[in-house]
Every structure is written in C-alpha cells, then in structure tokens.
Amino acid sequence: MNTIGYQLIRSWVKFSLHFYFKTIKVHGLENVPKNKAVLFLPNHQNALIDALLIGVSTGRKPYFLVRSDVFAKPFLKKIFHFLRMLPIYRIRDGRSSLKNNEAIFNTCASLLCNKEAILAFPEASHNLIRKVRPLSKGFTRIIFTALHKNPNLHIIIIPVGVNYEEAISFPDKAALFFGKPIEISEWYNSENLNESVTKIKDLVSSQLKKITTHINDDENYDTIIKKIGVDNLSYLDPEKVNTEIKGYDLKEDIQLTATNNKRRMGFFYYLFVLLNFPIVFFVEKSNSFKITRKRVYSNF
C-alpha cells in the first residue's frame, strides 16, 4: 500500500511540475544504473523544486537527505518519512545534535548496501547564485560507512546539473543533466581516507561545473550575468554558457541591458499551487525550503 501511495504522489508531482515549467529537458538518463547503489549529487539552487525535479526524473525512487529541522513536528515527521526523506543534522542545529548523524549515515549505508538510490545536496544549502559552491564532505562519510559494511559494494555517484532559465520567474524552463557515472572503487583508498575525500569531492565538483553554469568571478558576477543576457545565451545549455564566459573581455566597452527579475504570476502558477496544495502547505508550515534570493553563502 505504501508503495502504491508513493507512486501516486510521484506521478502527481511529475504531472503538476509541467504546469510550473514551460519546458523540462532531461539529459543523460542513460548514465543512471538501474540495479546498483547510486548517490545522486546535484547542485542546489531552487530549494524544494530541485528535489522534486530530480526525484521524478531519475527512473529510480531515491531517498532524500534534508535538513533536520523539518522533522521537528511529529505529524510532519511521518509525512516526510513516507516521502523517503531522512534528516541530516548541521552545526546550526546545535553541536550536540551532530551525534545523530551517525545513525543517519548508518541508515544510508544500509540503503546503499541494498542497492537503493540516495539524493543529497553536497553544497549543503540552496542559493540562486549561478556557481558551484564548495562541497561538504558529508556524502563521503556515507560512502565510506557503506564500504566499511561491504567492501565489495559497487557504489556509483551521479553528479546532477540542475539548470533554470530564470528561477524567480513563472513559468520557467528547466534542464537536468545527469553526469558521467563515477565508480567509487576507482577512487577509494581505505588506507588514506583524507586523500580519498579530496579526490572524490574534486571529481564531483569538476563535473558539476561542466553541467551547470559556473561563474567563478565574484567581483564581476553581475556584469557577467548581464553580458550573458545581452548575448541571448540560454542557461539550459550550460556547456555553451561556460565556454562563452571563458572568452569574455570584461574591459571592453559594451552596453549591458539590465535583467528583469520581476516574478511573473498567472493562471498556471496558481493551478500548480492548487494541485500541490498539500506539499506547498507542509513546506510553508515547516518554513524549511524557503528560496534564498540573495547571494549569501551558507554551509554545514
């Protein structure tokens, strides 16, 4: 019964997302293994929407790692557990709460040993800035715990590039890129875990910077954004955008047009809210997935 209920909710969300977006393009699904332990590691721009898009597009039924404060109320806790959400504790939740992560890592390790799929956001927070931010090492602890349980386990990491044309507008367009599979056994050294952490994080970060727009120049960030707009480039094609960014001469005298970030509402937006009212209600009630529209960095 739980499986049927979960599948119905999943189908409902997938259907309703097409009211929220004009276009949803999915690339690289052939990279997602069907019967292996998988850890999906996306960039994180648009809060709950990121998780919904990936969750209904993978062909798998992933478990989700989410911030622990959404589990504060017993009723919401039951709902989130039903939706395969697991709490992750951060330093801001209190240093004493971090010890609870050990049980979560063990749970995730057991899921991987059973060849399940897990989705975690390695940037540890969401932000609309078009940049791959430093990755937390938490996901490597999950991997190492699983390999400690089963040294012969084949774990596959799939980096996921989540791209929006203009996330604060409605309706928007989105493109997901499932990156090349990373076979952990090729990068894991049980005798030097620190080296393994560094190599795996660098590898994931490098892939993410190819499958989503990555603007690494904080000083000229706004100018680059405006230049991308003048050149009429689409953020749904991050490879092309990143290539063009590398060739920009920011000293040249160009006329930059201001970008219009005004949110556009309409019939289909309110229809999306209506169709997804229970989810929207729980999100607002928990006050946990509010989209950050400022360029503020946040980590565990």
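Going through (1) loosely packed, with under 15 Cβ neighbours inside 10 Å; (2) touching a residue at least 40 places away in the same chain (Cβ under 8 Å) one by one, Ile184 falls short only on (1). Take Ile143 and tell me if it is in contact with a strand residue (DSSP E or B) (Cβ under 9 Å, 6 or more places away or on another chain) and either among the hydrophobic types (A, V, I, L, M, F, W, C) or closer than 29 Å to Val56 by Cβ (or both). In short, yes. Please work out if Lys14 is in a loop (DSSP other than H, G, I, E, B) and either surrounded by fewer than 19 Cβ atoms within 10 Å (Cβ to Cβ) or in contact (Cβ under 8 Å) with a residue 24 or more places away in the chain (or both). Taking the combined requirement at face value, the residue does not satisfy it.
Restricting attention to region 85-109, the residues that are in contact (Cβ under 8 Å) with a residue 24 or more places away in the chain and either in contact with a Lys or Arg (Cβ under 7 Å, 6 or more places away or on another chain) or of a type in the set (Asp, Glu) (or both) add up to 5. In region 135-158, the residue that is nearest to Ser206 (Cα to Cα) out of those that are in a loop (DSSP other than H, G, I, E, B) and in contact with an Asp or Glu (Cβ under 8 Å, 6 or more places away or on another chain) is Leu135.
Here Ile211, Ile155 are screened, and the one residue that is farther than 16 Å from Val132 by Cα and modelled with pLDDT of 95 or more is Ile155. Candidates in region 45-97 are the residues that are within 16 Å of Ala124 (Cβ to Cβ) and among the β-branched types (Val, Ile, Thr); of these, the one that is surrounded by the most Cβ atoms within 10 Å (Cβ to Cβ) is Ile88. Within region 188-199, one or more residues are under 20 Å from Glu102 (Cα atoms), touching a residue at least 60 places away in the same chain (Cβ under 8 Å) and out of contact with any Pro (no Cβ under 6 Å at 6 or more places or on another chain). The combined condition, being touching a residue at least 60 places away in the same chain (Cβ under 8 Å), of a type in the set (Val, Ile, Thr) and crowded, with 19+ Cβ neighbours inside 10 Å, is fulfilled by Ile118.
Take the residues in region 189-212 that are among the polar types (S, T, N, Q) and in contact with a strand residue (DSSP E or B) (Cβ under 7 Å, 6 or more places away or on another chain), then tell me which one is surrounded by the most Cβ atoms within 10 Å (Cβ to Cβ).
By that ranking, first place goes to Thr212.
The values are calculated or read from the model by the stated rules, or taken from the named source; none is laboratory data. Just so it is clear, the model here is predicted, and its values are computed rather than measured. Glycine gets a Cβ as well: all are built from the backbone with ideal geometry, and neighbour counts include every protein chain shown.
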